[in-house]
1. What's the number of the condition Cys53 fails, among (1) modelled with pLDDT of 95 or more; (2) more than 13 Å from ligand 2 (Cβ to nearest atom)?
2. Within segment 11-28, which residues are in a loop (DSSP other than H, G, I, E, B), near ligand 2 (Cβ under 7 Å from one of its atoms) and hydrophobic (A, V, I, L, M, F, W, C)?
3. Select from segment 26-44 the residues that are of a type in the set (A, V, I, L, M, F, W, C) and under 13 Å from Ile63 (Cα atoms) and list them in ascending order.
4. Under 8 Å between Cβ atoms, at least 6 apart or on separate chains: pull out the pairs that start in segment 32-46 with a residue that is hydroxyl-bearing (Ser, Thr, Tyr) and end on any residue that is at pLDDT 95 or above and not in a loop (DSSP other than H, G, I, E, B).
5. Within segment 32-63, track down each residue that is within 14 Å of Lys2 (Cα to Cα) and assigned to a loop (DSSP other than H, G, I, E, B).
6. Which residue pairs have Cβ atoms closer than 8 Å, lie 6 or more positions apart in sequence or on different chains, and pair a first residue in segment 1-29 that is farther than 15 Å from Glu67 by Cα and of a type in the set (S, T, N, Q) with a second residue that is at pLDDT 95 or above and not in a strand (DSSP E or B)?
Amino acid sequence: MKGINIDPEECKGCRLCVESCPKGCIQISSNINKIGYQYAEFRGGNCTACGICYYVCPELGTITVYEEDKEAVNNE
Ligand code: SF4
Ligand code: SF4
């Protein structure tokens, strides 16, 4: 299944991924992480594993994109 993982403790809540996802798969949580930001979270839907969210995120390592069971892209 295609999808992404967002590390809530690395996210700065800039919303770039939310605004850039063509499928509307990402939202900002009402919860706050340890450094005081409302973080982005994957809300499901029709993720195509396009990687746009990954490429716009300024925080390296925060978003990992999955295509089927294997990682499509990551920062590591
Ligand atoms: S990989 Fe593409 S479709 Fe999936 S959440 Fe990121 S921007 Fe949206
Ligand atoms: S682009 Fe990165 S830092 Fe910005 S809200 Fe999304 S996951 Fe968080």
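1. With (1) modelled with pLDDT of 95 or more; (2) more than 13 Å from ligand 2 (Cβ to nearest atom) applied to Cys53, the lone miss is (2).
2. Initial filter on segment 11-28 (in a loop (DSSP other than H, G, I, E, B)): 11-15, 21-25.
Applying the additional criterion that residues be near ligand 2 (Cβ under 7 Å from one of its atoms) yields 11-15.
Result: Cys11, Cys14.
3. Ile26, Ala40, Phe42
4. Tyr39/Ile6; Tyr39/Ile28; Tyr39/Ser29; Tyr39/Asn31; Tyr39/Ile32
5. Within segment 32-63, Arg43, Gly44, Gly45, Asn46, Cys47, Thr48, Ala49, Cys50, Gly51 meet the criteria.
6. Ser20/Ile52; Ser20/Cys53; Ser20/Val56; Gln27/Val18; Gln27/Arg43; Ser29/Pro8
The values are calculated or read from the model by the stated rules, or taken from the named source; none is laboratory data. Keep in mind that what you see is a predicted model, and the values were worked out from it rather than measured. Don't worry about glycine lacking a Cβ; one is built from the backbone with ideal geometry, like all the others, and counts go over all protein chains shown.
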